[in-house]
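What follows draws every value from the coordinates through simple rules; no lab data is involved. Source: prediction; values computed, not measured. Note that each Cβ is placed from the backbone with ideal geometry, even for glycine, and that neighbours are counted across all protein chains shown.
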Amino acid sequence: MDSFLTNALAVSVEGGNDGFLLLQILGWVLGILGLVFFLGSAVGMVRFPDFYTRMHAAGKGDTLSTMLMLGGFGLVTMEDFSIGSWLVLFKILAVVLFIYLTTPTSSHALMRAAFEDDEMPMTEEDLKKANRKDKKKR
Amino acid sequence: MTEWFAIVMGTSLFVLMIPVMYRICKGPTGFDRILGVNVIGTKTAVLLVIIGTLYERVEMFVDFALTYALLNFVAAIIVSRYLNRTISLKEMEAREKEKGRAKA
């Protein structure tokens, strides 16, 4: 199994002991995709008007971007197909699975806590009021 | 090449954490703050893996990342449980006493 994978991927090695080019490129693409999702999450946390919309941006963007970035780095660090690097890859996949399970759970718990604490979502009237205040200030 | 990728990824992660830090500082409610702390904690797990790639000891740093993610999850759950206590302890005791009387 090991030698088969090594031979199959050795075609794409581009000199040096820097790992396999195919896996590296795949890892880079995954990492940059994760950065894009985290950019969306960060912008959403600043720009959105009330708590629940911010929760929407943070919960989804955070989960997906973390999973993508960890997966990408798991592929980038795969330098040879020895037992050790397989172990590292499986550990990183375990972290990915853990985050896949826990981040939605914690954001659900936070949302429920906020709802039971009478934190009301923003309505259209609130938005109109806020706009009026802005106009008065100017 | 891998090192440069790791450095660039880590720096851009740090830069993108700044808006979330702004939300933590400014956030109107406490829930906004704990949400931002949660996001930054999850990203710290990624950052630990990146640091491990830079030091070429990923197998050690992955364990740290797993521990950090676990701690972050527990912190978020506990804080949400703490914040949603809508009635105070004294009221709870009073209610218990009333229940006891009703039974007796």
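Just a few scattered comments:
- Under 18 Å between alpha carbons - lysine pairs in the protein assembly as shown that sit 8 or more apart or on different chains: 6
- Loop-resident GluC sites (Glu not before Pro) (DSSP state other than H, G, I, E or B) in chain B with no more than 12 further Cβ atoms inside 10 Å of their Cβ: B:Glu56.
- Overall form of the range A:18-137 per C-alpha gyration tensor (a/c, 1.5; a/b vs b/c): oblate
- Anisotropy class of chain B from Cα gyration tensor, a/c 1.5 cut: oblate
- Taken about its Cα centre, chain B carries a charge dipole of roughly 860 debye when the Cβ of each Lys and Arg holds +1 and the Cβ of each Asp and Glu holds -1.
- Placing unit charges on the Cβ atoms only, positive for Lys and Arg and negative for Asp and Glu, gives the range A:18-137 a dipole magnitude near 660 debye about its Cα centre.
- Debye, to nearest 20: dipole size of the protein assembly as shown, +1 on Lys, Arg Cβ, -1 on Asp, Glu Cβ: 1800 debye
- Charge-dipole axis of the protein assembly as shown as Lys and Arg at +1 and Asp and Glu at -1 on Cβ define it, positive-most pick from A:Tyr52, B:Thr44, B:Leu13: A:Tyr52
- Distances between every pair of Cα atoms in the range A:67-138, grouped in 5 Å steps from 0 to the bin holding the largest one, split as 3, 13, 13, 10, 9, 8, 9, 8, 8, 7, 6, 4, 2, 0 percent.
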